[in-house]
Amino acid sequence: MKEKQFDMVLNTKAAERRENISFLSVKEAEKAKNFHSTFPIYKHTPLISLQSLAEKLQVKSIYLKDESKRFGLNAFKVLGASYAIANEIGRKIGKEITELSAESILSEDTKEKIGDITFVTATDGNHGRGVTWTAKQLGQKAVVYMPKGSALERLENIRAEGADAEITDMNYDDAVRLAQKMAEEKGWIVVQDTAWEGYEDIPRWIMQGYTTMGHEIMEQIPEKPTHIFLQAGVGSMAGAMTGFFSNLYNEDKPIIVIVEPAKADCLFQTAKADDGKLHNVTGDMDTIMAGLACGEPCTIGWDVLKGYADAFIRCPEYAAADGMRILASPAKGDTAVTAGESGAAAFGCMANILMDENLAEWKKLLKLDENAKILCISTEGDTDQKNYQDVVWGGKYTKYRE
């Protein structure tokens, strides 16, 4: 029997650490959504009510945002990539994002002003595909570096969008450093959702781009959630959603829980240490939750999470796998959802807390009772179809048999 890898730390000092998060306000989210809506392919992704599951798990309601339907790319990442690239082009031509649209950026006048640009990024798949799709849509080029162990399907999907892409022999964080190095040498522009000293504008724009999801949820959800479970890699998506919903609900904000793989738990380790420093995770980080296999927190994301997230959880591989299987074969009357390993991570963690007697104390600590109204976001579909089938059909990563 393998050791269970669930662990949780409560952020009891959150209120003392709150900083200005106005860059993730409803007003800023509306700007992002308005820009995204200028792409002809734009539409709201579904917000699904899993009411039968809620009844089985003895909570009031469960809602799931399904980002597998985003722009035909099977993942949410394009929201951040496209918004950041548009803002960067706007900076080059002296225009605000509110003055830009996909059509205007593609115009001959804009093209003449900005010339040819190469955007470079590191990714396990979804972000790189979003950067490449956007570059292609806007008539520009993309170069993508992927960490070792990345799925060949994800590589080919990126190449199919027109990028010069390769799988390196590095982990994710070293691939980010490679992208930065190549950008400095060749004059390319890095589009990365993690931040470092001197590189903060684009990560901030990426986070703002993600708030389109929050704005859509605000319009779709019939009741205020009491709980939000968010998966995290570097923490940019989790930070964006935490900031948006904290701004939306203010003092009545939901309980927000951040979920990471046990093998890549840099935010959990930072919260647990509680010493004012960021704590990195090194090594291969060989989790099935490839989109979350990040060892270094995004500074901007952490600045939001440290003040507004209520708990940080590290979860085992089987938690994500459980989430994938539950969503693929839902309770009678609920809609089936195809959720990938990273996409199902927070949902699977939530479901385990509600089902596993060994985690009963956590239910009390997090106030997950019959009045709980829970929101999760499935951030990707089956972006690695072979592994998806191995998990959902073949039972891979079943509890205690990882």
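The values are calculated or read from the model by the stated rules, or taken from the named source; none is laboratory data. Please read these numbers as outputs of a predicted model, since none were measured by experiment. Virtual Cβ from ideal backbone geometry, glycine too; neighbours counted across all protein chains shown.
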Next on the checklist: Are there helices (runs of 4 or more DSSP H) fully within the range 343-402 with at least 2 residues that are of a type in the set (D, E, K, R) and free of Cβ contacts under 8 Å to residues at least 40 places away in the same chain? List them.
Outcome noted: 360-365
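Kindly establish whether residue 392 is of a type in the set (Val, Ile, Thr), out of contact with any strand residue (DSSP E or B) (no Cβ under 6 Å at 6 or more places or on another chain) and surrounded by fewer than 24 Cβ atoms within 10 Å (Cβ to Cβ). Explain how you work it out, then say what you get.
Details: of a type in the set (Val, Ile, Thr): yes; out of contact with any strand residue (DSSP E or B) (no Cβ under 6 Å at 6 or more places or on another chain): yes; surrounded by fewer than 24 Cβ atoms within 10 Å (Cβ to Cβ): yes.
Here the answer is yes, as residue 392 does meet what is asked.
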Checklist entry - Going through the range 276-299 one residue at a time, which ones are farther than 27 Å from residue 324 by Cα and either small (Gly, Ala, Ser) or touching a Phe, Trp or Tyr at 6+ places or on another chain (Cβ under 8 Å) (or both)? => result 276, 278, 299
Item to check | Failed criterion for residue 288 (all others in (1) under 17 Å from residue 193 (Cβ atoms); (2) not in a helix (DSSP H, G or I) hold) | outcome: (1)
Item to check | Pair list, Cβ under 8 Å, 6 or more apart: the range 88-104 residue at positive phi, other residue of a type in the set (D, E, K, R) and surrounded by fewer than 18 Cβ atoms within 10 Å (Cβ to Cβ) | outcome: none
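Matching residues to (1) of a type in the set (A, V, I, L, M, F, W, C); (2) part of a helix (DSSP H, G or I):
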{"residue": "15", "(1), (2)": "yes, yes"}
{"residue": "28", "(1), (2)": "no, yes"}
{"residue": "33", "(1), (2)": "no, yes"}
{"residue": "39", "(1), (2)": "yes, no"}
{"residue": "68", "(1), (2)": "no, yes"}
{"residue": "73", "(1), (2)": "yes, no"}
{"residue": "83", "(1), (2)": "no, yes"}
Checklist entry - Which residue pairs have Cβ atoms under 6 Å apart, sit 6 or more places apart or on different chains, and have a first residue in the range 316-340 that is closer than 13 Å to residue 288 by Cβ and not assigned by TED's automatic domain parsing to the domain that holds residue 53 and a second that is surrounded by fewer than 24 Cβ atoms within 10 Å (Cβ to Cβ) and of a type in the set (Gly, Ala, Ser)? => result none
Item to check | Test result for residue 270, part of a helix (DSSP H, G or I), polar (S, T, N, Q) and at pLDDT 95 or above | outcome: yes
Item to check | Matching option when the condition is touching a residue at least 40 places away in the same chain (Cβ under 8 Å) and in contact with an Asp or Glu (Cβ under 8 Å, 6 or more places away or on another chain), among 240, 309, 293 | outcome: 293
Checklist entry - Given the structure, is residue 308 in contact with a helix residue (DSSP H, G or I) (Cβ under 7 Å, 6 or more places away or on another chain) and not charged (D, E, K, R)? => result yes
Checklist outcome for this item: By residue number, the members of the range 361-386 that are at pLDDT below 95 and either outside the structural domain of residue 224 (by TED's automatic domain parsing) or crowded, with 21+ Cβ neighbours inside 10 Å (or both) are 383, 384
